[in-house]
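Just below is one structure, and these are the notes that go with it.
The values are calculated or read from the model by the stated rules, or taken from the named source; none is laboratory data. The shown structure was predicted, so the numbers you read here are calculated from the model rather than taken from an experiment. Counting neighbours? That spans all protein chains shown, and the Cβs are built from the backbone with ideal geometry, glycine included.
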Ligand SMILES: CC(C)(COP(=O)(O)OP(=O)(O)OC[C@H]1O[C@@H](n2cnc3c(N)ncnc32)[C@H](O)[C@@H]1OP(=O)(O)O)[C@@H](O)C(=O)NCCC(=O)NCCS
């Protein structure tokens with residue numbers, strides 16, 4: 001059965017999620033929800049139906065109970081998810097896995113997790129909720145991604161790596177086996193992480209070094 005769904009977000013990441021949903025063919029996307037665009041306009045060929053505050057009325061009007069939060073920034077994705085969970089407890093949060101991605105058995109994917117084309121999840125891995133594996137990223141065997149963490153395109157994580165809550169690993173970075181990236185830490189593009197990183201820092205370079213601290217909701221994209 002094709003289920004009705006709304007996408008929250010209208011950015012480039014929402015475009016990638018929409019393309020994934022079209023490949024899957026499992027959902028009918030009713031429109032986009034975005035606080036920064038006027039309702040009634042078209043984005044990525046879909047109508048913007050309103051902002052997050054309008055969701056309760058939209059739920060009734062469009063008869064849907066599934067939502068995907070297509071916001072690339074991890075802190076904001078969690079914030080909006082938490083708001084909606086409180087206000088609309090009946091909502092369901094599908095796990096979306098691109099048909100070209102490989103998810104080994106056994107692996108656990110939390111609700112609302114999105115896995116984009118050609119990504120890889122190794123056996124014994126645990127993700128989510130609300131995680132994001134971008135195009136061609138890989139979390140190898142027995143890895144863990146805590147809630148709302150993300151791997152940017154082309155990231156490689158060795159076995160048993162742990163990515164803390166809301167932590168973001170940047171474009172093309174590599175994280176060697178057994179390393180932990182602390183909660184709310186951002187790893188810069190192209191970094192090679194050889195040792196565990198503490199929470200709430202920015203680190204980059206080869207090998208990766210901590211360059212400064214960061215606060216959990218600080219924008220990084
Ligand atoms: C690390 C990052 C978050 C920026 O951190 P920041 O502390 O705000 O850094 P700034 O942009 O102020 O740059 C500060 C310095 O760090 C350097 N720098 C920034 N990012 C770097 C990186 N990834 N590797 C090496 N050096 C980097 C800058 O060149 C600058 O150097 P300078 O002082 O000699 O001029 C960002 O550069 C980055 O890599 N983001 C990830 C992007 C990404 O993965 N996007 C995914 C889209 S799906």
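Just a few scattered comments:
- Those residues of the range 13-45 which are in contact with a strand residue (DSSP E or B) (Cβ under 6 Å, 6 or more places away or on another chain) and surrounded by fewer than 17 Cβ atoms within 10 Å (Cβ to Cβ), in sequence order: 28, 37, 39, 41
- Test set (1) under 25 Å from residue 152 (Cβ atoms); (2) in contact (Cβ under 8 Å) with a residue 60 or more places away in the chain; (3) in contact with a helix residue (DSSP H, G or I) (Cβ under 9 Å, 6 or more places away or on another chain) - residue 20 fails condition number: (3)
- Within the range 168-192, tally of residues that are more than 12 Å from the ligand (Cβ to nearest atom) and either touching a strand residue (DSSP E or B) at 6+ places or on another chain (Cβ under 6 Å) or free of Cβ contacts under 8 Å to residues at least 24 places away in the same chain (or both): 8
Residue by residue, here is whether (1) closer than 17 Å to residue 150 by Cα; (2) surrounded by fewer than 13 Cβ atoms within 10 Å (Cβ to Cβ); (3) touching a strand residue (DSSP E or B) at 6+ places or on another chain (Cβ under 6 Å); (4) at pLDDT 95 or above holds:
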| residue | (1), (2), (3), (4) |
| --- | --- |
| 90 | no, yes, no, no |
| 95 | yes, no, yes, yes |
| 116 | yes, no, no, yes |
| 119 | yes, no, yes, yes |
